[in-house]
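Structure first, commentary second.
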């Protein structure tokens, strides 16, 4: 048969090979992987989830197994809205849609907002799977420099003035891939720039609660109200396998289209997991659980940094995140992240080169390291091998 | 803010109001609803699922809560492949992708295959949410008449010759909305027509196992091999709330794109439900469960038909399905399904008019009735009221 694939799915997809490698490494127990973004399995509340599942099926089994509404389980939406309100952000349960992880919400927002040729601002670098999703809808991606203290506000202002973008996608807390966090000053200044524009903000915040040092800043939703749609997920704070994320959108026109699209995509997010997760949240203290996980990640990042000090050659710099799951390694001039990635993989260590996080730059001297997953022995062995690989390239 | 929604999501969506009404009626306990496609809740294996969830979390909790691969849980894919093989259809687990219900697979196939302006054949009438999904990708829909014995093969041949369509979407067993089933002769003749063409077949079969009378026919996958992609789901035979469906695709080029798209959409289907469902399938006899559900639906359809004989006026005809969940009511000339739908809803009974199942026809004299859901008292009361409403229009 002579099959013609759609143009949308025939486009080159620079990111997909990197993503495939990440998934392959995750699935191979013989590989030490810092490539993905896996939560540490010891943080999973397996026994509490077992009790929650039993309770849901005994008390509300039929509801958990039957079709449900496209928007998602109301008590779970109320729980999420309440957490926003505690942070001073006015969101009602009626303004939240439960999605199959926040990845699906990225697609929903893209479908609702992007026409071919529309400009979309992203941080440079940005989350690779977000770039992939945006690409499906043929926008022009306009990257804005990310600095140690957050987005470059001057460049942001210029990018908005010159491009009239449809929206900006950003991750202000423990950014993926860099691990960087916006200071409050930068948030405030950037919010001011957005407020004077017609640009929607799509704020992704999968890691924000996993803070183990420093002070949190305000969400752009706090500054901008309905001008900011907020993505969230239970993947990093409870369980990614349940695929429960959400989008909070106070802008009515956008919200209605998001909901219509969600219903057409897959009718609704799985009800069984929504109810089991909510039961878990009722019977357990989420903040306590998050605090334990954050403490674990603090130990992991400190241990990984100590290994890096020990095994990496001089001339390699790393970000020192205050939370989240990633750090960003900058190699000495002339060494390509992709080369290090490939050489390390041959020695059994998976990392992700910086390239797929950029829209335009290639052969960049950066790699992303995930520090949340794996035992200390595993981390030490992986960093030792990675240090050797980098040293080889510096010869 | 002046927000411009994408062209894709700004198109008129004729089906969405009907879908919204269906969901609203499902959610309102004061409404007797024959409008949706809800499985009867008494068929849900709640206790067995509770045991399965407990087993999964005790034995494999970390795997159930962690990220997983985009293609889905291998043992579940193997289970599905084995059921195809028992029907003489050669499908390997590696050719199956687990989706969030088969609705998501409809979108995946559409994204991979449809460029704007491409022709897509559908049965006339066809499943309303499939039409909605196709519309997102701007094809020209070409409906082909559906007769008592299946698709009109002469018209199919002509439609292919004149339109060079990209694919045909069809539901050969207990079709939604009509409840009609293709005879083996029609399947064979239609398969011959497809084989001589370059047209992919997308076979949807959510209800095929729910047969309570007559003999089953071969899947188009049996006739056509890789020229046919097959959609399936556990929604109608085990639980829709878990959102576990699949697409089986033996055509390598299409398969690879489907998988890439699925990964970009939402990374993977929720792992917790995939594993709990598989455990349930291991510890219970699915065929026995399906036989019990089919027997229940046989009783339901017979009871509903007896009520229709009792309460509907002469001049109204209905299909008499051999399985599935729907029957199709044809009203006397001059009476519009939409009018009956609206008048019945005012009296507390929800049905779905024929209109949203058609691409072009409007004000048709048909309505779809779901017979699987609800007690006998519920069915009798609903059909009595519906009969009164129809009689009013015949005056």
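The values are calculated or read from the model by the stated rules, or taken from the named source; none is laboratory data. None of these values were measured; they are calculated from a predicted model. Backbone-built Cβ (ideal geometry, glycine too); neighbour counts: all protein chains shown.
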Positions within region A:57-71 being more than 9 Å from chain B (Cβ to nearest Cβ) and either under 18 Å from residue A:350 (Cα atoms) or buried (at least 17 other Cβ atoms within 10 Å of the Cβ) (or both), in sequence order: A:71
Just one of (1) surrounded by fewer than 16 Cβ atoms within 10 Å (Cβ to Cβ); (2) within 30 Å of residue A:340 (Cα to Cα) trips up residue A:33, so point out which. (1)
Options B:14, B:18; residue that is surrounded by 15 or more Cβ atoms within 10 Å (Cβ to Cβ) and under 23 Å from residue B:207 (Cα atoms): B:18
Mind telling me which of the residues B:98, B:3 ends up being more than 7 Å from every other protein chain (Cβ to nearest Cβ), touching a helix residue (DSSP H, G or I) at 6+ places or on another chain (Cβ under 7 Å) and not in a helix (DSSP H, G or I)? B:98
Residue list for region A:72-88, filter: within 14 Å of another protein chain (Cβ to nearest Cβ) and surrounded by fewer than 21 Cβ atoms within 10 Å (Cβ to Cβ): A:74
Restricting the first residue to region A:1-13 and requiring it to be more than 14 Å from residue B:166 (Cβ to Cβ), which pairs with a second residue that is part of a loop (DSSP other than H, G, I, E, B) and modelled with pLDDT under 95 meet a Cβ separation below 9 Å and a spacing of at least six or different chains? none
Checking residue A:373 against (1) at pLDDT below 95; (2) in a strand (DSSP E or B), which single condition isn't satisfied? (2)
Does region A:290-299 include one or more residues that are touching a residue at least 24 places away in the same chain (Cβ under 8 Å), closer than 20 Å to residue A:146 by Cβ, buried (at least 21 other Cβ atoms within 10 Å of the Cβ) and within 23 Å of the chain's Cα centre (by Cα)? no
Tell me whether region A:48-55 contains one or more residues that are within 9 Å of chain B (Cβ to nearest Cβ) and either buried (at least 21 other Cβ atoms within 10 Å of the Cβ) or assigned to a loop (DSSP other than H, G, I, E, B) (or both). yes
Residue count for region B:224-240, restricted to those that are out of contact with any strand residue (DSSP E or B) (no Cβ under 7 Å at 6 or more places or on another chain) and either free of Cβ contacts under 8 Å to residues at least 40 places away in the same chain or part of a strand (DSSP E or B) (or both): 1
Look at region B:243-257 and say how many of its residues are within 24 Å of residue B:85 (Cβ to Cβ) and crowded, with 24+ Cβ neighbours inside 10 Å. 6
When restricted to A:18, A:14, A:44, the only residue within 23 Å of the chain's Cα centre (by Cα) and at pLDDT 95 or above is A:44
Only unsatisfied item for residue B:345, checking (1) crowded, with 19+ Cβ neighbours inside 10 Å; (2) in contact with a helix residue (DSSP H, G or I) (Cβ under 9 Å, 6 or more places away or on another chain); (3) closer than 17 Å to residue B:25 by Cβ, is (1)
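Does region B:14-43 hold any residues that are away from chain A (no Cβ under 11 Å), in a loop (DSSP other than H, G, I, E, B) and touching a helix residue (DSSP H, G or I) at 6+ places or on another chain (Cβ under 9 Å), and which are they? So that I can check it myself, show each step before the final result.
Filtering region B:14-43 down to residues away from chain A (no Cβ under 11 Å) leaves B:14, B:18, B:21, B:25, B:28-35.
Next, from what is left, pick out any that are in a loop (DSSP other than H, G, I, E, B): B:28-31, B:34-35.
Passing the criteria: B:31, B:34, B:35.
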Mind listing whichever residues of region A:56-95 are closer than 20 Å to residue B:45 by Cβ and in a loop (DSSP other than H, G, I, E, B)? A:66, A:67, A:68
If I filter region A:114-122 for residues that are more than 12 Å from chain B (Cβ to nearest Cβ), surrounded by 19 or more Cβ atoms within 10 Å (Cβ to Cβ), in contact with a helix residue (DSSP H, G or I) (Cβ under 8 Å, 6 or more places away or on another chain) and within 30 Å of residue A:239 (Cβ to Cβ), do I get at least one hit? yes
Can you confirm whether residue A:243 is more than 30 Å from residue B:50 (Cα to Cα) and not assigned by TED's automatic domain parsing to the domain that holds residue A:300? no
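Could you tell me whether residue A:132 is assigned to a helix (DSSP H, G or I), within 9 Å of chain B (Cβ to nearest Cβ), closer than 30 Å to residue B:372 by Cβ and at pLDDT 95 or above?
Working: assigned to a helix (DSSP H, G or I): yes; within 9 Å of chain B (Cβ to nearest Cβ): yes; closer than 30 Å to residue B:372 by Cβ: no; at pLDDT 95 or above: yes.
No.
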